[in-house]
C-alpha cells in the first residue's frame, strides 16, 4: 500500500485502485517520462564523457590525433567557449528518442520477469543471481531495439568538435543523420556498433536495475527502512556507482565503434569489431584507456540514476501505481 492510500485508509475510506495504474502500458509511459527528465538534466555530462572517450584514438595512418586531455569541468567550459552553451545539449533529441524505446522496454520487461519468474523468500528478498540474469537479459534486449537512436546520438555529439577541426559537417539534424546512415548501409548500417552497445547495456543494467532492486529490498526488508524518498536516493546512489564501474569499458568501445568512419559497405575503417577495438585501445593506450572518461561517466550515471529513480518512484506513487 503506497503512502497516499495509507493516508486515506487512516480516515476510514479506501479508494478503489485505478484499473490502469499497474498495467504494462501505463508503467511504460511513466518510465519514459522519468527517463526523459533524467536525460535532459544530465545530458551535458554525457556529451563531455563522449568527447573524452574519443580523445587519443589512433588514425588510419597510425598517427595519433590527440586533443589536450581535459577534465570534466574544463571540457564543459571548452565546449561552451568554443561552440556555445546550447551545444552542451547537441544530440539530445536522439537521446530522448532512445529512452522512449530503451527505458520503457527495460523497466516493463524487468518487472514482468521479476514478478513472474523470480523466487521470493519469506522475508521478501529475492536471490541476487536471478536479479543479475534478469538485468542483463532485459538490458541487452532493450538496447538492441534502441541502438539506431544511440548511433545517431553519438555522431551528433561529435559534430561540433569536427567542425572546429575544420572538417565539413556530416549531419545537421537527427533526421538527416538517420537518412544518411540508412542510405549508406541500409538497415544493417543503423545497427553499427550494436554489439558493444548491447554488452554495455547489459553491464549497466546489471549495475542499475539489479543493484537498485536488490539494495532497496535489502534496506526495506532487512534494515526495516521505509520505502520512501531517502531509501530511493540511497539505493540509486549505489546503482549509479556500480553502473559506472561495470559499463565504462564497454562505453568506450561503443563510442569509438560508432564514431569511426566506414566504407561503402558500412564496414569500419579503424576497427573490425568490438574485440578488435578493445585490443587496439589497450595496446595503443594502455588498459586504463578503457576507463577514459570514468569520472564524467560516474558523475553522469550517478545523477542520472538519482534523478530517474526518484522521479519514477514519485510519479508511480502519485499515479496510484504500486512501488517498483
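Scanning segment 121-151 for residues that are outside any helix (DSSP H, G or I) and touching a residue at least 24 places away in the same chain (Cβ under 8 Å), which turns out farthest from residue 255 (Cα to Cα)? Outline the logic, then answer.
Just the residues of segment 121-151 that are outside any helix (DSSP H, G or I), to begin with: 121-127.
Okay, now just the ones that are also touching a residue at least 24 places away in the same chain (Cβ under 8 Å), so 123-126.
Details: 123: 42, 124: 40, 125: 37, 126: 35 Å.
Among them, the one singled out is 123.
For segment 127-166, give me each residue that is surrounded by fewer than 18 Cβ atoms within 10 Å (Cβ to Cβ), modelled with pLDDT of 75 or more and more than 16 Å from the chain's Cα centre (by Cα).
Those that are surrounded by fewer than 18 Cβ atoms within 10 Å (Cβ to Cβ), modelled with pLDDT of 75 or more and more than 16 Å from the chain's Cα centre (by Cα): 127, 128, 129, 130, 132, 133.
Looking only at segment 37-90, which residues are modelled with pLDDT under 75 and at positive phi?
56, 62
Here is a yes/no grid of residues against (1) under 24 Å from residue 46 (Cβ atoms); (2) buried (at least 23 other Cβ atoms within 10 Å of the Cβ); (3) at pLDDT 90 or above; (4) touching a strand residue (DSSP E or B) at 6+ places or on another chain (Cβ under 6 Å):
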position	(1), (2), (3), (4)
193	yes, yes, no, no
199	yes, no, no, no
204	yes, yes, no, no
224	no, no, no, no
234	yes, no, yes, no
237	yes, no, yes, no
246	yes, no, no, no
257	yes, yes, no, no
264	no, no, no, no
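Filter segment 4-19 down to residues that are in contact with a helix residue (DSSP H, G or I) (Cβ under 8 Å, 6 or more places away or on another chain) and exposed (fewer than 13 other Cβ atoms within 10 Å of the Cβ) and give me whichever is modelled with the lowest pLDDT.
14
Give segment 20-53 a look and list any residue that's assigned to a loop (DSSP other than H, G, I, E, B), in contact with a helix residue (DSSP H, G or I) (Cβ under 9 Å, 6 or more places away or on another chain) and either surrounded by 20 or more Cβ atoms within 10 Å (Cβ to Cβ) or without any contact (Cβ under 8 Å) to a residue 60 or more places away in the chain (or both), or say none. Step through it out loud before you land on a result.
Within segment 20-53, the first condition is being assigned to a loop (DSSP other than H, G, I, E, B), and the residues that meet it are 20-23.
Retained after the next criterion (residues that are in contact with a helix residue (DSSP H, G or I) (Cβ under 9 Å, 6 or more places away or on another chain)): 20-21.
20 - this is the single residue of segment 20-53 that is assigned to a loop (DSSP other than H, G, I, E, B), in contact with a helix residue (DSSP H, G or I) (Cβ under 9 Å, 6 or more places away or on another chain) and either surrounded by 20 or more Cβ atoms within 10 Å (Cβ to Cβ) or without any contact (Cβ under 8 Å) to a residue 60 or more places away in the chain (or both).
Would you mind telling me which numbered condition in (1) in contact (Cβ under 8 Å) with a residue 60 or more places away in the chain; (2) crowded, with 20+ Cβ neighbours inside 10 Å residue 315 fails?
Among (1) in contact (Cβ under 8 Å) with a residue 60 or more places away in the chain; (2) crowded, with 20+ Cβ neighbours inside 10 Å, the lone unmet condition for residue 315 is (2).
When you look at residue 175, is it assigned to a helix (DSSP H, G or I), surrounded by fewer than 19 Cβ atoms within 10 Å (Cβ to Cβ) and at positive phi, yes or no?
Values: assigned to a helix (DSSP H, G or I): yes; surrounded by fewer than 19 Cβ atoms within 10 Å (Cβ to Cβ): yes; at positive phi: no.
So residue 175 does not fit the description; no.
The values are calculated or read from the model by the stated rules, or taken from the named source; none is laboratory data. The structure displayed is predicted, hence computed values, not measured ones. Note that each Cβ is placed from the backbone with ideal geometry, even for glycine, and that neighbours are counted across all protein chains shown.
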